[in-house]
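Report on the following structure.
The values are calculated or read from the model by the stated rules, or taken from the named source; none is laboratory data. Being a predicted model, the structure only gives us computed values, none of them experimental. A quick note on method: Cβ atoms are made from the backbone with ideal geometry, for glycine too, and the neighbour counts reach across all protein chains shown.
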Amino acid sequence: MSADLPDYYFRVRENGAFVFRVDTENRQRRIEMDQIAVVNIKNGDVKPHGGRDLSAADMQAIDTWMADRVALLAQRDIDDIHRAVDYLNLTTHWAQSRATPEQLENVTDAILMAMHDLRTVLVRKKADRILNKET
């Protein structure tokens, strides 16, 4: 079983992870996880845990995990936006075909304000991109 386990385990938290070194080479042949660092992907901080020094292999594993995690979170962000477009289309269909007047009254103002806010930001960002492209 130890051949299948990674050398490091990253317990994900909101802004990064706790980093553990995985060890199965002990007398009881149990899986032991020794915390070696705390990682913050928002600012790139890597803080060794318990006053220990991190080896080059530790830092390489952490750097690789951080790059992979940032890429995964970026991919999730864009996936969420594509789902939001789908929800907007589903909401349009619902409003046109199934919504009762009471349901529409309940959500119309909130949806219109959110859509106005989104449109304002998107138009401003698009204009900025066009102006930057021209200069």
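For the structure I just gave you, tell me whether R21 is out of contact with any Leu (no Cβ under 7 Å at 6 or more places or on another chain) and surrounded by 13 or more Cβ atoms within 10 Å (Cβ to Cβ).
On the way: out of contact with any Leu (no Cβ under 7 Å at 6 or more places or on another chain): yes; surrounded by 13 or more Cβ atoms within 10 Å (Cβ to Cβ): yes.
So R21 fits the description; yes.
If the requirement is being free of Cβ contacts under 8 Å to residues at least 60 places away in the same chain, out of contact with any strand residue (DSSP E or B) (no Cβ under 8 Å at 6 or more places or on another chain) and surrounded by 11 or more Cβ atoms within 10 Å (Cβ to Cβ), which of these qualifies: G44, G16? Steps first, answer last, please.
On the way: G16 fails: out of contact with any strand residue (DSSP E or B) (no Cβ under 8 Å at 6 or more places or on another chain).
None of the other options fit; the residue is G44.
As an exercise: evaluate A56 against (1) assigned by TED's automatic domain parsing to the domain that holds M33; (2) aliphatic (A, V, I, L, M); (3) surrounded by 10 or more Cβ atoms within 10 Å (Cβ to Cβ) and give the number of the one condition it does not meet.
Failed condition: (3).
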